[in-house]
Every structure is written in structure tokens, then in C-alpha cells.
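The values are calculated or read from the model by the stated rules, or taken from the named source; none is laboratory data. These numbers were taken from a predicted model, which means no experiment stands behind them. Cβ coordinates were reconstructed from backbone atoms using ideal geometry, including for glycine residues, and neighbour counts include every protein chain displayed.
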Amino acid sequence: MSDKSMQPLVTTVKDRCRVCYTCVRECPAKAIRIVNGQAEIIPERCIGCGNCVRVCSQKAKKVVNSVVDVKKLLESTDRVAAIIAPSFPAEFTEIEFRQFVGMVRALGFDYVCEVGFGADLVARKTREIMASVSDKQYISTPCPAVFGYVKRYHPELIDNLLPIVSPMIAMSRALKVLYGDNLKMVFIGPCIAKKGEANSNELDGEIDEVLTFEELHFLFEDYSITNNGDGSIDNPVPSDFDPPRAYRGNLFPIGRGLLEAASIEENLMTGEVISANGRNNFKDAIIEFSSGQTNARFLDVLCCDGCIMGPGMSTDAPLFRRRTLVSDYVRKVSKLRNPDKWIHYMEKFNDLDLSRTFSPMDQRLEDPDESKIREILARIGKYNEEDELNCGACGYDSCREHAKAIFKGLAESEMCLPYTIERLHRTIEELGISNTELANTREALIQSEKMASMGQLAAGIAHEINNPLGVVLMYSHLLNDELEKDSTMREDLQMIADHADRAKKIVSGLLNFARQSKVNLKPNDIRQLISASLDSLTIPDTVDVKINHQITDPIADIDKDQMIQVMTNIISNAITAMHDRGIINIKTEGDDEQVVISISDTGTGIPDEIVSKIFEPFFTTKELGKGTGLGLAITYGIIKMHRGDIKVKSNAYPDKGPTGTTFSIKLPRKRIQYIN
């Protein structure tokens with residue numbers, strides 16, 4: 001048993017994998033599992049087609065490298081043969097074929113032979129079986145990715161696989177007849193799946209190593225082998241392939257090449273022979289073949305669009321350019337070769353054993369039932385057929401196939417692009433809300449810090465000033481009582497008393513601002529609170545107050561006296577802002593959690609540059625002597641002690657619309673705790 005039989009053919013370089021799912025889309029075997037956004041190739045499911053390698057723009061797929069093992073083989077005492085796939089003219093386009101053979105020989109190979117001759121043997125054997133067996137349907141087997149797919153995903157078709165080795169194995173068996181069983185074999189070609197075929201337990205030991213054309217380029221570079229042709233190691237001597245040499249088998253790498261080499265006609269009238277190439281076509285052909293939808297006797301299939309499009313090639317030439325290069329080579333060498341020698345070798349190998357068997361490697365996974373599919377689809381936002389966009393961005397042909405892959409552990413919900421975009425939109429919206437809340441919280445914290453600092457300062461000043469003011473007031477009143485009624489000093493003393501009294505009110509406001517008292521939370525009717533606030537004010541006849549109670553449950557746990565102070569402060573400011581003329585709108589609303597009171601005026605509005613300052617202590621827009629700048633600061637403090645919030649929206653610019661200001665107060669409906 002080969003130690004390499006379980007070696008993965010392709011691995012993922014995770015640092016380069018960019019979550020594009022292109023490899024998932026291109027993998028005909030769905031042998032790629034997505035885990036945490038990273039593509040993992042499942043070795044036992046992989047058929048080695050190399051589509052993932054070919055389509056990965058980030059070069060995140062790494063093919064198992066055989067260069068080191070081949071170098072060791074060449075450095076050993078064993079005789080080593082290089083058997084070259086017939087697609088080489090499409091890869092080494094700038095090198096004449098004899099120069100190419102000389103370069104390969106210069107690496108240290110004892111023999112350099114054409115796999116095309118093995119293809120001639122396979123073509124003859126195919127023609128013989130098809131002529132002798134008329135009641136059985138067959139699937140061609142030169143392509144290891146195809147029979148690897150059948151073994152894993154359609155094991156019911158194992159008996160339909162043509163029981164013939166691939167041209168690679170046929171050539172190996174032929175050379176061992178000519179040069180001995182101890183001859184080591186290195187296949188060089190465009191195919192990654194050949195590495196898996198060579199390492200399989202079914203054919204253990206027939207091929208020792210497999211190089212892709214890309215790896216051969218690396219060996220040429222490593223050994224400094226060029227094609228100038230002067231006979232030195234750097235410039236190897238041109239030579240022809242060692243016999244036996246190929247004939248029409250060199251057409252194998254082109255689509256329908258097997259049919260051409262075997263002289264089997266793909267008759268569209270009879271439909272007995274069907275040829276299908278490419279990732280999707282070969283799968284569809286096998287599925288139809290399995291279901292009995294075709295009566296074809298022979299299904300000629302290649303996983304690639306011919307071996308000339310194999311993933312082990314480095315050329316960027318398009319398909320038909322590659323076909324032309326191979327066709328030109330076949331025409332050229334057919335004129336140089338001796339047909340009699342080809343016939344001689346074909347007759348020599350009449351009895352060569354080209355048979356083989358295939359063992360199933362069933363990798364089919366059970367599909368979920370319909371209810372589970374619907375459940376998974378719902379998880380990715382697919383609640384009905386209209387939601388199933390089948391865009392293919394996830395790498396699967398439909399949303400249902402994606403859901404099945406999720407169930408089987410091959411895919412993740414996040415692979416769905418519309419679902420991920422929708423989640424991203426929701427996340428952005430949530431982040432926007434969180435950002436606004438954080439900004440508001442930050443603003444509130446800054447305001448609270450200001451209030452705390454100003455409160456401490458105000459409390460200290462108030463206590464220090466209050467007593468001297470009391471003395472001034474007391475003695476000014478005593479002196480006023482002792483003076484004669486017609487004394488000219490009475491007016492001066494009255495002025496002293498008035499200003500001292502005003503100073504005392506300011507001090508009282510400072511104490512209210514900095515007070516350490518509790519809020520007395522009790523159930524109160526918001527509507528009655530607004531009525532009480534309006535009753536305590538003198539409202540000019542030119543001011544129209546409109547009240548709109550939209551609240552269904554007006555009861556909330558609040559401190560009535562303090563909230564009346566809040567309302568009177570705001571309404572008084574509104575009257576002043578309207579110059580005693582305008583409309584005040586008071587609206588109440590709320591829900592089970594909070595009550596909202598909005599007070600709007602049609603005044604001059606607050607300029608944008610000072611809106612952020614209105615709750616700061618001692619800030620006022622009133623004339624000197626007409627305001628203390630403490631009303632809104634006290635209001636803010638009371639609202640915060642109620643665990644509420646107050647916002648202001650204002651327009652002071654007539655060109656932007658009607659001017660005015662709206663204060664919105666939000667208060668918790670139920671008491672949380674008494675706040676110190």
C-alpha cells in the first residue's frame with residue numbers, strides 16, 4: 001500500500017484565502033468546506049481536477065509538490081524514464097520538440113518517451129471492447145478526475161467504467177516490458193489528478209512520481225537548463241523521443257481525441273456515442289447517464305476542456321490556440337515517423353495487459369428533509385420562494401443547494417451575500433443608534449461633571465454670602481424704620497435693601513442648584529401638574545397656550561413641587577423669548593415605560609452656537625440684571641435626579657423656516673428608587 005495514497009493533492013494557504021467562494025463554485029465534487037470563512041479542501045472528497053487552483057486569483061491553493069522526490073529519484077542509481085503527456089506542445093510553445101526532449105534528458109532521465117503511444121494502445125483496446133460488447137454502456141477512463149468522481153459520487157456506475165488503464169499506466173506497462181520491471185517512471189503532464197491516480201492503492205507502484213508542467217519549468221530553472229542547443233549541460237543536445245513513439249494517440253489531450261484515435265464516430269443520428277468536456281458538462285453527462293436519460297453506449301468525458309486546459313499548465317494561451325499547437329505537432333511528427341515501426345510496436349504489445357478495476361469510495365452525504373431545508377433557509381432570511389435569489393455568490397447553484405451544504409457541514413450561513421449584506425445594514429443601523437446614544441451619554445456626562453463642579457462651588461459661595469446678606473438686609477430695614485418719613489436717605493436704604501434682597505434670591509437659586517435634598521417621588525397626574533404650573537404664572541393675554549394631552553395614562557412617579565419648578569422655568573423662558581406675544585404648545589404622550597412632555601414656543605429661537613451652553617450655570621441671554629442664568633441649570637439637575645432626560649430643538653434662522661424652540665422632557669413612569 002502506498003504511503004502517499006491519503007496525501008491531499010491540494011491544500012489551502014489560509015493567509016491568502018480571501019473569502020470569495022470562487023473555489024466552491026468551481027469545484028464539481030463540492031470537496032471544499034468553509035470553516036470560519038476559510039476554504040478547507042476535504043482530501044477524501046477531492047477528485048484532483050484542479051479547478052480551485054486554476055480560478056484562485058490570490059494563489060491560495062497549493063498543489064502537492066513532487067520536485068524534491070523526483071530529484072532524489074534522479075540522483076539515485078535506478079534507471080528512470082520520463083513519460084511525457086501529449087499536451088506538451090501547448091505548454092512549451094517556444095521550444096522545438098527535439099530541443100524539449102533534449103532538455104528533459106539533460107535533467108538525468110535515462111529514457112524520454114511519449115505517453116501518446118500508451119494512448120494508441122488504450123484507443124485500440126477501447127475500439128476492441130466496443131466492437132465485441134454490444135449490450136453494455138461504458139464511460140471512458142483516461143481522465144482520473146472523471147473516474148474519481150464516479151467512484152465517490154456515482155458508485156452505482158462503477159461497473160460502467162471502461163476497465164482499461166489510462167494512457168499513462170499503459171505506457172508504463174509497455175516500457176517495463178521493453179526495459180525491465182525495475183525501471184522507475186515519472187509522468188510529466190498538465191494534470192493534478194494524475195498524482196492521485198499514481199498514488200492510488202489500485203495502481204500502487206506503476207508510476208513512481210508525477211510532475212506537472214509547472215514543476216518541470218522549476219526543474220529546468222533549478223538545473224539551469226536552456227534550449228540554445230550547443231551540447232553543454234546549459235544547452236542540451238536536441239533529440240527525439242525514445243521508442244515506442246506515438247501516432248494518433250497524441251490527439252488524446254484534445255476534446256474527442258480518444259474518439260479520433262480509436263476511430264469511433266460520434267454519430268448525432270444514432271446518439272450511441274456522446275462526448276462531453278468541462279467542469280459542468282462532464283457532471284451533467286454522468287448524471288443523465290446514471291438516470292437512464294441517455295441510451296448512449298459510450299460516454300467519452302474529460303473533466304477539463306481537453307487535457308490541454310489542465311491546471312498543471314502555466315501558459316495563458318486560449319483553448320483553440322492550444323488545440324492548434326497540438327494538431328500542428330501531430331501533423332509534423334507524422335511526416336517524420338516510420339509507420340512500420342509504429343505498427344511493429346503496436347503488434348509487439350498485442351497481449352499487453354491493459355485491464356484494471358475500480359473500487360468505490362462513496363462520499364455521498366444524505367440530503368436533509370424538506371422541513372430541515374426550510375428551517376435552514378429561514379435562518380439566512382429565505383422565508384419564501386421570492387427570497388431565494390439563487391444568485392450563486394455563495395458558490396452553490398441555488399439557495400436550496402446552499403442550505404443542503406450547511407446541513408452537511410460544508411458551508412456557512414455567512415456565505416449568502418444578500419443575507420450578509422442585510423445583516424451588515426442592520427449592524428450599521430445598530431451601530432449608528434449606539435453611536436448616537438454614546439454621544440448623548442458623553443454629552444450628559446460632561447454636563448453632569450460641569451454641574452457637579454459648579455454645584456460644589458455654588459454651595460460654598462451661597463453659604464458664605466447668605467449670612468452677610470442677612471445682616472445687610474436686617475440693618476437696612478432697622479435704619480429705614482428709625483429715619484424720619486421725609487428723610488432723603490430712605491430711598492438709598494430702600495435701594496440697598498432691594499439689591500440685597502435680589503442677591504439673596506440669587507443665593508437661594510444657588511442653594512437650589514447645589515442642594516443635597518431627596519426627590520420626593522409620588523404618583524402624580526401629569527395633566528394636573530401642567531395646570532398647576534400655568535396657574536402659578538402670570539401669562540400675558542397676547543400669549544396663547546395650547547394643551548394637547550395625547551397620553552392615555554397620565555399618572556407617573558415624580559416630585560410634584562420640583563417638576564412644577566421645571567415647567568415654570570421653561571414656560572417663563574418661552575414667554576420671554578416671544579416678547580410676550582405668540583403661541584405656546586404643550587403636549588403630553590407616553591407608553592408603559594415613560595412619559596414625555598413637549599413645550600414649544602414661537603419665539604426667536606436659540607442660535608446653534610449657544611444651544612450646547614443653555615444648561616450651564618450662570619449662562620443667560622437675558623439683559624444684565626434680568627436673569628441669574630440658573631433656571632435651566634436647576635431644571636436640568638431636577639430632570640436628571642428623576643432619571644429622566646431633557647432635549648432642546650431650536651431654529652433661530654427665519655430663512656430655514658418658522659423660528660421657535662421645543663423642550664422635550666422624558667421621565668420614567670415608575671419609581672426606581674429615591675435618589676440622594
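Given the structure, is CYS56 crowded, with 18+ Cβ neighbours inside 10 Å and more than 30 Å from PHE117 (Cα to Cα)? Yes: the conditions hold for CYS56.
Taken over region 387-427, the criterion of being of a type in the set (A, V, I, L, M) and crowded, with 21+ Cβ neighbours inside 10 Å is satisfied by ALA403, ALA405, ILE406, LEU410, ALA411, MET415. The residue that is surrounded by the fewest Cβ atoms within 10 Å (Cβ to Cβ), among those in region 108-142 that are of a type in the set (D, E, K, R) and under 24 Å from SER239 (Cα atoms), is ASP110. Being without any contact (Cβ under 8 Å) to a residue 12 or more places away in the chain and either within 31 Å of the chain's Cα centre (by Cα) or under 27 Å from SER57 (Cα atoms) (or both) is a property that holds for GLU375.
Given the criteria surrounded by 24 or more Cβ atoms within 10 Å (Cβ to Cβ), closer than 19 Å to GLY257 by Cα, out of contact with any Phe, Trp or Tyr (no Cβ under 8 Å at 6 or more places or on another chain) and not basic (Lys, Arg), does ALA145 qualify? Walk me through it before giving the result.
Values: surrounded by 24 or more Cβ atoms within 10 Å (Cβ to Cβ): yes; closer than 19 Å to GLY257 by Cα: yes; out of contact with any Phe, Trp or Tyr (no Cβ under 8 Å at 6 or more places or on another chain): yes; not basic (Lys, Arg): yes.
Here the answer is yes, as ALA145 does meet what is asked.
Among the residues in region 86-101, are any in contact (Cβ under 8 Å) with a residue 40 or more places away in the chain, surrounded by fewer than 14 Cβ atoms within 10 Å (Cβ to Cβ) and β-branched (Val, Ile, Thr)? There is at least one residue in region 86-101 that is in contact (Cβ under 8 Å) with a residue 40 or more places away in the chain, surrounded by fewer than 14 Cβ atoms within 10 Å (Cβ to Cβ) and β-branched (Val, Ile, Thr). Comparison of ILE433, ILE428, ILE406 shows that the only residue that is assigned to a helix (DSSP H, G or I), over 18 Å from the mean Cα position of the chain (by Cα) and either on the phi < 0 side of the Ramachandran plot or of a type in the set (Lys, Arg) (or both) is ILE433.
Could you tell me whether VAL507 is surrounded by 16 or more Cβ atoms within 10 Å (Cβ to Cβ), modelled with pLDDT under 80, in contact with a helix residue (DSSP H, G or I) (Cβ under 6 Å, 6 or more places away or on another chain) and part of a loop (DSSP other than H, G, I, E, B)?
Numbers: surrounded by 16 or more Cβ atoms within 10 Å (Cβ to Cβ): yes; modelled with pLDDT under 80: yes; in contact with a helix residue (DSSP H, G or I) (Cβ under 6 Å, 6 or more places away or on another chain): yes; part of a loop (DSSP other than H, G, I, E, B): no.
When the stated conditions are applied, VAL507 does not pass them.
Of the helices (runs of 4 or more DSSP H) lying entirely inside region 9-83, the ones with 1 or more residues being within 16 Å of the chain's Cα centre (by Cα) and on the phi < 0 side of the Ramachandran plot are found at 22-26. Within the option set ILE42, ILE32, ILE47, being touching an Asp or Glu at 6+ places or on another chain (Cβ under 8 Å), outside the structural domain of TYR149 (by TED's automatic domain parsing) and within 14 Å of GLN363 (Cβ to Cβ) holds for one residue only, ILE32. Scanning region 402-416 for residues that are closer than 12 Å to LEU377 by Cα, out of contact with any Leu (no Cβ under 8 Å at 6 or more places or on another chain) and not acidic (Asp, Glu) yields HIS402, LYS404, ALA405, ILE406, PHE407, SER413, CYS416. Taking each residue of region 292-309 that is more than 17 Å from THR212 (Cα to Cα) and looking for partners that are of a type in the set (D, E, K, R) with beta-carbon atoms closer than 8 Å, six or more apart or interchain, yields THR294/GLU288; ASN295/GLU272; ALA296/GLU272; ARG297/LYS136; ARG297/GLU272; PHE298/GLU272; ASP300/ARG256; ASP300/GLU266.
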